[in-house]
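To start, the structure under review is shown below, and the notes come after it.
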Amino acid sequence: MRGATVTGLRCAKCGAEHSVKDARFTCPDCGPDGILDVLYDYDEVAKHISRETLAGSQENSHWRYLPLLPVESMASTPRPRTGWTPLYHLPGHLGLSGLHIKDDSGNPTASLKDRATSVALARARDEGVTAVAAASTGNAGCSLAGFSAAEGLPCYIFVPKTAPRPKVAQLLVYGATVFAVDGSYDDAFDLAMEAIEKFGWYNRCCAVNPYLVEGKKTVAFEICEQLGFRAPDRVFVPVGDGCIMSGTYKGFAEFERLGLIDRVPELIGVQAEGASPVKAAFECGGDVVPCEANTCADSIAVGHPRNWRKAVKGVGASGGRMMTVTDDEIIGAIASLARSTGIFGEPAGVTAYAGLVKAVAEGAVGTDETIAVLMTGSGLKDTESAMRSVGEPVSVGCSIADVERELAARA
Ligand SMILES: *Cc1c(COP(=O)(O)O)cnc(C)c1O
Ligand SMILES: [Zn+2]
């Protein structure tokens, strides 16, 4: 299979095109605000990707889309098996005939972030990088730490000190050097950028490194393929920095361009009410106004989103919209999703689902629409929030009489 048909990079702010050599990260003219978009030679891609080639593919990972990824060959790809996660059809759930949940908790480090990290590490290998780093609310760091361990690369992670303990444990278990920053994710981001610049580490920040969103777009490719090359009517996507949304839009747009689907689905971006600057920017049509983030959904607790411009453009181009859910709705969705489907998500992981529940209650969704909901991270990553969603277990002594009594009390 042939990879890397990249022709250049286009700035999402000023629109200027740059060669791969001239722009390593953001636009040389616009600086950190000039996030770049990777361009491909789609005529060349079309020679290597079709319904037939995909149907015959034995590659049970997102590398089945190699010609649409900025990676030269399979030889560069890291070992942990990423992507090609299940898309569960749940007919009748929430009264909808065509609800599908894309469960990305089965990725190597248990979140969708692995899609981006796998591309970062493939490129890091090609570029001969000797150390990697990222700022993270938790999952991007865990993902980078896991893949770096597999690749034998030193890894430096900056997280807010409030990151959930299971994520901190995961980071440390993989052997990363973890800086718990006394501040918000936005503070951790600024410090990481300074350190990366100073120490020359490879930057795995989706908003800065243009190649990472490319990994995230594979979730859209998989949804299309798993639906038999049909686009859903609507897709619900959680939004923090906006990289997943940017990638999801790009994935659907590329499959449309290649004639593999006939239209881009309506994309519904879901933010937590206490951290919704992307929704505000989408609705006012202006630039994002950074705010203080206040939500239990730590993975989307982003007050200063870095990839908002691409996300807002994507939602608009799809004919979709942005919405918010409250923390109570998110916490409630953890248990309601798990109990009705067996899928256990962290707060940000179930945020898109909470958005769907709200949209259904508002009558904003037709009962026969084909809907896909992204479930982006495992519930085991934040057990404290999970416990807030449920009660305590039943305390009993070691006697069957205790069990009998408790069962009777619940009958
Ligand atoms: C990172 C993350 C998100 C949000 O993705 P963005 O690209 O920051 O918008 C949502 N859910 C989970 C579980 C995440 O780790
Ligand atoms: Zn620019």
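Here is how the numbers come out for the structure above:
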item	result
Qualifying residue in region 286-295 (condition: within 16 Å of ligand 2 (Cβ to nearest atom), farther than 23 Å from Val132 by Cβ and not β-branched (Val, Ile, Thr))	yes
Test: Cys27 is assigned to a loop (DSSP other than H, G, I, E, B) and surrounded by fewer than 15 Cβ atoms within 10 Å (Cβ to Cβ)	no
Qualifying residue in region 316-328 (condition: of a type in the set (A, V, I, L, M), under 22 Å from Asp287 (Cβ atoms), within 11 Å of ligand 1 (Cβ to nearest atom) and modelled with pLDDT of 95 or more)	no
Which listed residue is aliphatic (A, V, I, L, M) and at pLDDT 95 or above, from Leu36, Leu90	Leu90
Of residues in region 319-345 being farther than 12 Å from Ile268 by Cα and touching a Ser or Thr at 6+ places or on another chain (Cβ under 6 Å), the one surrounded by the fewest Cβ atoms within 10 Å (Cβ to Cβ)	Ala335
Qualifying positions in region 210-228 - more than 16 Å from ligand 2 (Cβ to nearest atom), at pLDDT below 95 and not hydrophobic (A, V, I, L, M, F, W, C)	Tyr211
Some residue of region 7-24 being more than 16 Å from ligand 1 (Cβ to nearest atom), crowded, with 21+ Cβ neighbours inside 10 Å and in a loop (DSSP other than H, G, I, E, B)	no
Residue match in region 45-60 (condition: closer than 30 Å to Arg165 by Cβ and modelled with pLDDT of 95 or more)	no
Elements of type strands (runs of 3 or more DSSP E) in region 126-222, at least 1 residues being surrounded by 24 or more Cβ atoms within 10 Å (Cβ to Cβ)	132-135, 155-160
Residue, farthest from ligand 2 (Cβ to nearest atom), within region 345-369, restricted to residues that are in a loop (DSSP other than H, G, I, E, B) and not charged (D, E, K, R)	Thr367
Top-ranked residue in region 375-400 [being β-branched (Val, Ile, Thr) and in contact with a helix residue (DSSP H, G or I) (Cβ under 7 Å, 6 or more places away or on another chain); ranked as modelled with the highest pLDDT]	Thr376
Matching entry among Ala335, Ala372 (being modelled with pLDDT of 95 or more, among the small types (Gly, Ala, Ser) and part of a helix (DSSP H, G or I))	Ala335
Cross-chain or 6+ apart pairs with Cβ under 8 Å, region 15-38 first and over 22 Å from Val129 (Cα atoms), then in a loop (DSSP other than H, G, I, E, B) and acidic (Asp, Glu)	Ala16/Asp29
Test: residue in region 72-88 that is in a strand (DSSP E or B) and either away from ligand 2 (no atom under 16 Å from the Cβ) or without any contact (Cβ under 8 Å) to a residue 40 or more places away in the chain (or both)	yes
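Table: residues versus (1) closer than 17 Å to Glu222 by Cβ; (2) touching a Phe, Trp or Tyr at 6+ places or on another chain (Cβ under 6 Å); (3) surrounded by fewer than 23 Cβ atoms within 10 Å (Cβ to Cβ); (4) not hydroxyl-bearing (Ser, Thr, Tyr).
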{"residue": "Leu68", "(1), (2), (3), (4)": "yes, no, no, yes"}
{"residue": "Ala75", "(1), (2), (3), (4)": "no, no, yes, yes"}
{"residue": "Arg79", "(1), (2), (3), (4)": "no, no, yes, yes"}
{"residue": "His93", "(1), (2), (3), (4)": "no, no, yes, yes"}
{"residue": "Leu96", "(1), (2), (3), (4)": "no, no, yes, yes"}
{"residue": "Asp104", "(1), (2), (3), (4)": "yes, no, no, yes"}
{"residue": "Asp114", "(1), (2), (3), (4)": "yes, no, no, yes"}
{"residue": "Ala120", "(1), (2), (3), (4)": "no, no, no, yes"}
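The values are calculated or read from the model by the stated rules, or taken from the named source; none is laboratory data. Just so you know, these numbers come straight off a predicted model, no measurement behind them. Positions of Cβ are generated from backbone atoms using ideal geometry, with glycine treated the same way; all protein chains shown enter the neighbour counts.
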